[in-house]
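Worksheet: the structure to be examined is printed underneath.
The values are calculated or read from the model by the stated rules, or taken from the named source; none is laboratory data. These figures come from a predicted structure and were not determined experimentally. Neighbour counts run over all protein chains shown; Cβ positions are idealised from the backbone, glycine included. Ligands, DNA and RNA are excluded from the accessible area calculation, which covers all protein heavy atoms including side chains. Shrake-Rupley method; radii C 1.70, N 1.55, O 1.52, S 1.80 Å.
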Amino acid sequence: MILSPSLLSADFARLAEELAALEAAGLTWLHLDVMDGAFVPNITFGPPLIKALRPLSGLFFDVHLMVEDPSRHLAAFAEAGADMLVVHAEADHHLQRTLDAIRALGCKAGVALNPGTDVNAVRWLVADLDMLLIMSVNPGFSGQAFIPASFAKLRAARRLLDENGGGNVLIQVDGGVCPENAGALVAAGADVLVSGSAFFGHKPYGARLAAFAAACAASGVRPGLWAATAWKPQ
């Protein structure tokens, strides 16, 4: 299991300190939610914040683009320091081309699916994916309740990937993730857990990471996840 804490729930008045504390606690990834006020109702931040944080951190920057027509912004986010760019299937008209462009920029490429979007939306894109993000809440705001149907969707996503040559494609789950459901999520097929308030609201971070790890320990580690643990910032 990889835990990718969501920056939106961090203390924005002390971001440099927060990132240092994450690394000291043993975290390796950071989830950055970019929202444009159009694809989702909220507005967060853009490339300038990521560019400012990049020199301060050795964390792997997992950038989730909740924006309309994301292909327009790929280069700006890659240049700012994103290590992975995840775009929504619902927001892009030419998804395969966008994934190809992300990889050409030197970033890992991912697709996110809203709760109402079937996993078959990526059936013919498996070869272009490094990660599939299953949204377990409707995107746009943190602190929402987990949607129980996400467990079945995770299992369906893992089957689809494995049956189409995507055994090394990671599955990430985002929304309502906490130690209480983390083990069941990993057992259902998740490799990467995004957690916001359920992580940042419980210091010290090392102890909170240990709580997530303990919850997932019985589920084991897939071979594809071992490869991903070697992913480093560019």
Review point. Who wins for biggest fluctuation among V169, V192, V221 in a Gaussian network model of the chain, springs between alpha carbons below 10 Å?
Key: V221
Exercise for review: Determine which aspartates and glutamates satisfy two conditions relative to K232: a Cα distance under 12 Å, and not lying fewer than 8 residues away in the same chain.
Suggested key: D62, D83
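How many percent of the accessible area of segment 2-230 is carbon or sulfur, using a 1.4 Å probe? Mind dumping the intermediate values first?
Values: 5090 of 9170 Å².
Summing carbon and sulfur atoms, their accessible area is 56 percent of the total for segment 2-230.
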Review point. When the Cα centres of segment 1-62 and segment 190-208 are compared, how far apart do they sit, in Å?
Key: 13
Revision key, fill the gap. Read-out semi-axes √(5λ) of the Cα gyration tensor in Å, candidates [x] 23, 22, 17; [y] 30, 18, 17; [z] 27, 21, 17; calculated match is [x]
Revision key, fill the gap. Simple spin-label estimate for A214/E180, 7 Å along Cα→Cβ, in nm, reads 1.7
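Write down the accessible area per residue of the chain in Å², having rolled a 1.4 Å probe over the full set of protein chains. Spell out each step's value before the answer.
Details: 9580 Å² over 234 residues.
Counting only protein heavy atoms, the per-residue value for the chain is 41 Å².
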Point to revise | Solvent-accessible area of R158 with every protein chain in place, 1.4 Å probe, in Å² to the nearest 10 | key: 20
Study note, to complete from the structure: Between the modelled labels at D69 and K51 (7 Å from Cα along Cα→Cβ) the distance in nm is 2.2
Revision key, fill the gap. Everything considered on the Cα gyration tensor (a ≥ b ≥ c; rounded for a/c under 1.5, else prolate if a/b is larger than b/c, else oblate), segment 155-234 must be described as prolate
Practice item. State to the nearest 20 debye the size of the charge dipole of the chain about its Cα centre, where the only charges are +1 on K and R beta carbons and -1 on D and E beta carbons. Key: 400
Exercise for review: With springs connecting C-alpha atoms under 10 Å apart, model the chain as a Gaussian network and identify which of G165, G175, G206 has the largest mean-square fluctuation.
Suggested key: G165
Exercise for review: Give, as ranges by residue number, the residues of segment 102-127 whose backbone N falls under 19 Å from the point 7 Å along Cα→Cβ of A156.
Suggested key: 111-126
Review point. Quick one: if you stick a label point 7 Å off each Cα along the C-beta vector at L105 and W124, how many nm between them?
Key: 2.5
